[in-house]
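Novice: Could you have a look at this structure, given as structure tokens, before my questions?
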Amino acid sequence: MNWLQDLLTNPDSIAHIVALYAFVIAVGVLLGKIKFFGISLGVTFVLFVGILVGHFGFTGNPAILSFLQDFGLILFVFCIGLQVGPSFFSSFKKGGIAMNMLAVGIVALNIIVALVIYFALQGRVDIPMMVGILCGAVTNTPGLGAANEALQQLSYEGPEIAMGYACAYPLGVMGIILSMIAIRYICRVNMEKEANDILQEEEANPHLKPYNIVLKVQNAALSGKKLSQVQNFLARDFVCSRILQDGHVNIPNADTVLRLGDEMNIVCAEDDSEAIQAFIGQRVDNVDWDSLGTRDTAMVSRRILVTQPSINGKTLGSLHFSSMYGVNVTRVNRSGMDLFASRQLTLQVGDRVMVVGPKDAIERVANLLGNQLKRLDHPNIVTIFVGILCGIIFGSLPIAVPGMPTPVKLGLAGGPLIIAILIGRFGYKVKLVTYTTMSANLMLREVGLALFLASVGIKAGENFIQTVVEGDGLLYVGIGFLITVIPLLIIGLVARWRHKLNYYTLIGLIAGSNTDPPALAYANQVSGNDAPAVGYSTVYPLAMFLRILSAQLLILLMAG
């Protein structure tokens with residue numbers, strides 16, 4: 001039976017460590033699916049199972065535990081950065097600025113409340129543990145990882161801050177949801193009115209939303225002019241996918257000459273449609289292009305998938321689809337959203353391009369763009385590991401801060417996160433294909449998070465029960481609840497009373513500012529529309545970035 005004893009207790013045995021992680025992660029994920037008052041903790045339960053097995057003496061070689069913890073953290077934050085990168089900078093446009101400033105206010109108030117309590121307790125809770133409580137209170141696991149990594153830079157020898165995180169986390173999730181409910185009753189929100197307001201606002205971003213219209217040429221000034229000249233005169237981007245001339249339906253190109261009475265099928269940005277109609281002529285409704293007139297060649301419309309890496313980052317205008325291939329691109333679908341195919345639109349791997357033209361020409365365009373679904377099934381691991389390498393190098397660069405005895409480093413959390421955001425947004429400019437399927441990204445992210453949480457739990461487990469039962473565990477719970485609720489109530493009321501933010505959007509913003517999926521699930525459940533998801537995704541990138549960076553800076557500035 002020596003083999004069994006070795007498997008269960010030998011901390012230096014690879015088999016023991018792998019079996020330990022497999023047990024902790026499997027049991028933690030299964031228990032995380034159980035709902036308490038309609039809320040589940042998800043993969044975070046891995047932390048509590050790790051604490052439990054660590055308490056009973058099951059552990060591993062500290063060097064191996066630390067490696068798995070850091071590698072898991074790197075995978076997790078890098079995949080988050082790739083996911084939020086494309087929307088990180090666009091989230092600051094228009095109404096997103098106000099929402100992101102509200103989220104920044106929540107993050108800042110969380111820190112202020114934590115520091116006020118820290119100074120009020122006069123050193124009863126040290127700063128590293130307070131940061132652990134803060135991360136648990138705002139349910140931000142990457143922040144805990146960043147704080148842990150910063151403590152390693154400082155050779156910290158105190159208690160595991162994951163104990164503070166674990167104490168504050170469960171009530172942190174409940175506190176976020178209770179804050180949403182409290183704001184609803186304090187502000188006397190009429191849920192039906194809020195839902196109707198959302199319906200009226202759903203015509204968002206009309207400049208990107210494609211709009212289809214059939215127009216008859218009635219402007220005498222356009223007779224005899226080329227289509228390219230008309231586009232220049234109008235100074236608005238549009239695509240003419242078909243034209244009816246003398247009973248023939250053709251696909252026009254830039255040199256097609258217009259005549260009075262021609263009927264044009266036009267796709268344009270929605271907010272440009274009225275100006276284009278006023279310039280060209282009256283609208284013609286209920287036109288069936290498939291049965292109308294005769295056609296010199298059989299024409300079809302087809303969605304083509306961009307899978308060719310060489311196309312990544314090229315604009316539609318630079319590919320000359322109309323002049324070189326005799327087809328017109330009318331719209332591009334990206335991540336489930338239809339975009340108007342303007343000449344300046346940059347194509348990315350994973351886009352679905354709507355093309356209209358002769359069948360043989362469309363086949364040539366399909367060969368150009370790739371259109372091979374199997375290519376998208378294989379994750380671009382070169383981009384992932386090149387990005388991780390650059391992120392580690394970037395995170396290791398010392399940054400001198402006046403008044404600090406040692407330079408600040410972004411570390412294994414901040415460095416990969418920033419590089420991943422930049423690659424997700426600008427990677428195509430350096431020929432990096434950043435596309436990964438959502439399932440591939442989620443798989444890497446969940447594996448990384450599970451490894452990190454299991455490692456933290458196993459390392460913290462030895463003293464956790466003693467800390468909670470005999471030490472300050474209940475104090476940590478109370479501190480965490482205050483850190484969670486006070487900022488959300490203050491900013492939530494400001495958002496409603498001053499900024500008149502829709503309640504459904506607001507509860508999505510609250511969930512996003514805490515990067516908390518269980519809170520988003522609750523918001524979606526009570527809303528029945530997409531407004532919470534919009535609020536969540538608008539503030540999530542910046543909030544995640546600030547949560548990770550602030551946890552690290554608090555440690556380096558105050559614990560150094």
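Novice: Hey, what do the phi angles of the range 439-448 turn into as Karplus ³J(HN,Hα) couplings, whole Hz, using 6.51/-1.76/1.60 and θ = phi - 60°, x for Gly and Pro?
Specialist: 5, 5, 4, 5, 4, 4, 5, 5, 4, x
Novice: Determine, for each peptide in 255-261, 16-22, the mean count of other beta carbons within 10 angstrom over its residues, then list the peptides with the highest first.
Specialist: Details: 255-261: 15.0, 16-22: 17.4.
Highest-to-lowest ranking by the protection proxy: 16-22, 255-261.
Novice: Taking all protein chains as present, what is the carbon and sulfur share of the accessible area of the range 472-524, in % to the nearest whole number, probe 1.4 Å? Walk me through the numbers on the way to the answer.
Specialist: Details: 1320 of 1840 Å².
Roughly 72 percent of what the probe reaches on the range 472-524 is carbon or sulfur.
Novice: Can you pull the accessible area of Ile381 for me, 1.4 Å probe, Å² to the nearest 10?
Specialist: Number for this one is 100 Å².
Novice: By accessible area of protein heavy atoms, probe 1.4 Å, what ranking do Arg283, Arg242, Arg188, Arg124 get, highest first?
Specialist: Working: Arg283 100, Arg242 30, Arg188 210, Arg124 140 Å².
Ranking Arg283, Arg242, Arg188, Arg124 by accessible area, largest first, yields Arg188, Arg124, Arg283, Arg242.
Novice: Another question, if that's okay. Can you work out the base-10 log of I(q)/I(0) for the range 123-205 at q = 0.14, 0.16 1/Å, using the Debye formula on its C-alpha atoms alone?
Specialist: -0.63, -0.70
Novice: At a probe size of 1.4 Å, how large is the accessible area of Arg364, to the nearest 10 Å²?
Specialist: Surface open to solvent at Arg364 totals about 120 Å².
Novice: Right, another one. So how do 447-453, 111-117, 265-271 stack up, highest first, on mean other-Cβ count within 10 Å? Walk me through the numbers before you get to the answer.
Specialist: Numbers: 447-453: 24.6, 111-117: 18.0, 265-271: 20.4.
Ranking the peptides 447-453, 111-117, 265-271 by packing returns 447-453, 265-271, 111-117.
Novice: Can you send over the solvent-accessible area of Ile34, 1.4 Å probe, protein chains only, in Å² to the nearest 10?
Specialist: Surface accessible to solvent at Ile34 totals approximately 80 Å².
Novice: Would you work out what percent of the accessible area of the range 154-284, with all protein chains in place, is carbon or sulfur (probe 1.4 Å)?
Specialist: Carbon and sulfur atoms account for 48 percent of the accessible area of the range 154-284.
The values are calculated or read from the model by the stated rules, or taken from the named source; none is laboratory data. None of these values were measured; they are calculated from a predicted model. We place every Cβ from the backbone using ideal geometry, glycine too, and count neighbours over all the protein chains shown. Quick note on the areas: whole protein, heavy atoms, side chains included, nothing else; ligands and nucleic acids left out. Shrake-Rupley method; radii C 1.70, N 1.55, O 1.52, S 1.80 Å.
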